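J.: Handing you this structure, nothing more for now.
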Amino acid sequence: MTAKPIILDVDTGVDDALAIAYAIRSPELDVLGLTTTFGNITVKEATRNSLIVLEKLGSDVPVASGAEQPLRRVKTDYPRHIHGEHGLGGAEWVEPKRKPLPTPAVDFIIEQVRAREGQVTLVFVGPLTNLALAVQKDPGIAGLVDQVVIMGGAVRRRGNVTPYAEANIYSDPEAADIVFRSGLPITLVGLDVTMRTLLPSSRVQVWRERSGELGRYFADMTDFYIDFYEKGYPGIGGCALHDPLAIGVVIDPSFVTLERMRIVVDTEGETLARTAEQPGGEPNVSVCVDVQEERFLEHFLSRVI
Ligand code: BDR
Ligand code: CA
């Protein structure tokens, strides 16, 4: 089996950290690098957190720092009540030993895609700013990637920021609009499926009790995120594994059922950042409409810690 080369774009974030662990620990994937963006926290914090998580995992995968702000908007507030003051929940904070690459994220993406034509999978689990900038700078890459897997959007269910919008798309709707029109081969892993992939608190306690320092580290991180879910969605019984599911779909597409659709992004008005299906339009996205949540959860747990 040859491992699939991937680039993972993150706004690290608790569930981003879990996605990083899942990707690094999966032999089916060859993580060429992480690229970072603002989103759950500032891009500086996302870069730092990504380096910390990789260090905890004993990985020397490179990290390239990316967008500080959305394409046409100004972001000043970050959801620290969801991902914690530093972005890694209640995990102890340490200064990373490594530094990011000198290459900016957009150039790293273009260089890697061009160096391995038709082979690279791009996985985006934060706002789509880096990807929009990459296709604007080099539109040719749209035809040279293997696939693009995006955690974002809510096609047939309500959003998590407004009744219409999901957080990653809402953070930069203009970038999402560019990406969905770009001709990139997109698979959309939205709230339609990720809100069904719940990590129960009981499974996190197993990490804490039986998996040494690394288990305690990820448990401290994740408990904070689970607390947010319990407050926001009383009785939900865990936290949503949004970003890890995007990795799961790359490893084993049979975790989900796909439907081809024309997806358009609203860039103004009350429905800002809605990812709406346009019936009858030329399909541009494979949308995940169903998930085998238990099989996915067991696979994720078998890999991460
Ligand atoms: C997405 O928003 C972020 O808070 C998470 O990391 C995930 O990527 C879920 O809407
Ligand atoms: Ca994320």
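The values are calculated or read from the model by the stated rules, or taken from the named source; none is laboratory data. Since we're looking at a predicted model, the values are computed, not measured. Cβ coordinates were reconstructed from backbone atoms using ideal geometry, including for glycine residues, and neighbour counts include every protein chain displayed. All accessible areas refer to the heavy atoms of the entire protein, side chains included, with ligands and DNA or RNA removed. Shrake-Rupley method; radii C 1.70, N 1.55, O 1.52, S 1.80 Å.
J.: For the range 65-108, which positions are among the basic types (Lys, Arg) and more than 15 Å from ligand 1 (Cβ to nearest atom)?
T.: ARG72, ARG73, LYS97, ARG98, LYS99
J.: In the range 147-162, how many are away from ligand 1 (no atom under 12 Å from the Cβ), part of a loop (DSSP other than H, G, I, E, B) and buried (at least 18 other Cβ atoms within 10 Å of the Cβ)?
T.: Final tally of qualifying residues: 1.
J.: Conditions: (1) of a type in the set (A, V, I, L, M, F, W, C); (2) under 30 Å from GLU282 (Cα atoms); (3) in a helix (DSSP H, G or I). LEU188 meets all but one. Number of the miss?
T.: Every listed condition holds for LEU188 apart from (3).
J.: Here's another thing I want to ask about it. Yes or no: the range 163-184 includes at least one residue that is touching a Pro at 6+ places or on another chain (Cβ under 9 Å), open to solvent by 50 Å² or more (accessible area, probe 1.4 Å) and more than 13 Å from ligand 1 (Cβ to nearest atom).
T.: Looking for residues that are touching a Pro at 6+ places or on another chain (Cβ under 9 Å), open to solvent by 50 Å² or more (accessible area, probe 1.4 Å) and more than 13 Å from ligand 1 (Cβ to nearest atom), one finds at least one in the range 163-184, hence yes.
J.: Cβ-Cβ below 6 Å, separation at least six or inter-chain, first residue in the range 52-68 and within 10 Å of LEU34 (Cβ to Cβ), second aromatic (Phe, Trp, Tyr) and open to solvent by less than 20 Å² (accessible area, probe 1.4 Å): which pairs?
T.: These pairs meet every condition: ALA64/PHE108.
J.: If you scan the range 8-28, which residues turn out to be surrounded by fewer than 24 Cβ atoms within 10 Å (Cβ to Cβ) and either assigned to a loop (DSSP other than H, G, I, E, B) or within 11 Å of the chain's Cα centre (by Cα) (or both)?
T.: ARG25, SER26, PRO27, GLU28
J.: For the range 1-53, give me each residue that is modelled with pLDDT of 95 or more, over 16 Å from VAL125 (Cα atoms), out of contact with any helix residue (DSSP H, G or I) (no Cβ under 8 Å at 6 or more places or on another chain) and not basic (Lys, Arg).
T.: ALA3, PRO27, ASP30, LEU51, ILE52, listed by residue number.
J.: Looking at HIS299, is it within 24 Å of LEU29 (Cα to Cα), open to solvent by less than 20 Å² (accessible area, probe 1.4 Å) and in contact with an Asp or Glu (Cβ under 9 Å, 6 or more places away or on another chain)?
T.: It is false that HIS299 is within 24 Å of LEU29 (Cα to Cα), open to solvent by less than 20 Å² (accessible area, probe 1.4 Å) and in contact with an Asp or Glu (Cβ under 9 Å, 6 or more places away or on another chain).
J.: Within the group THR121, THR47, which residue is among the hydroxyl-bearing types (Ser, Thr, Tyr), within 16 Å of the chain's Cα centre (by Cα) and farther than 30 Å from GLU213 by Cβ? Give the steps one after another, and end with the answer.
T.: On the way: THR47 fails: farther than 30 Å from GLU213 by Cβ.
Only one candidate passes the filter, namely THR121.
J.: Might you check whether a residue that is touching a residue at least 12 places away in the same chain (Cβ under 8 Å), open to solvent by less than 10 Å² (accessible area, probe 1.4 Å) and at positive phi occurs anywhere in the range 242-259?
T.: No; the residues of the range 242-259 include none that is touching a residue at least 12 places away in the same chain (Cβ under 8 Å), open to solvent by less than 10 Å² (accessible area, probe 1.4 Å) and at positive phi.
J.: Give the range 270-293 a look and list any residue that's more than 17 Å from ASN160 (Cα to Cα) and not in a strand (DSSP E or B), or say none.
T.: GLN278, PRO279, GLY280, GLY281, GLU282, PRO283, ASN284, GLN292, GLU293
J.: Okay, next question. Does the range 226-243 contain any residue that is in a helix (DSSP H, G or I) and within 15 Å of ILE150 (Cβ to Cβ)?
T.: Yes, that holds for at least one residue.
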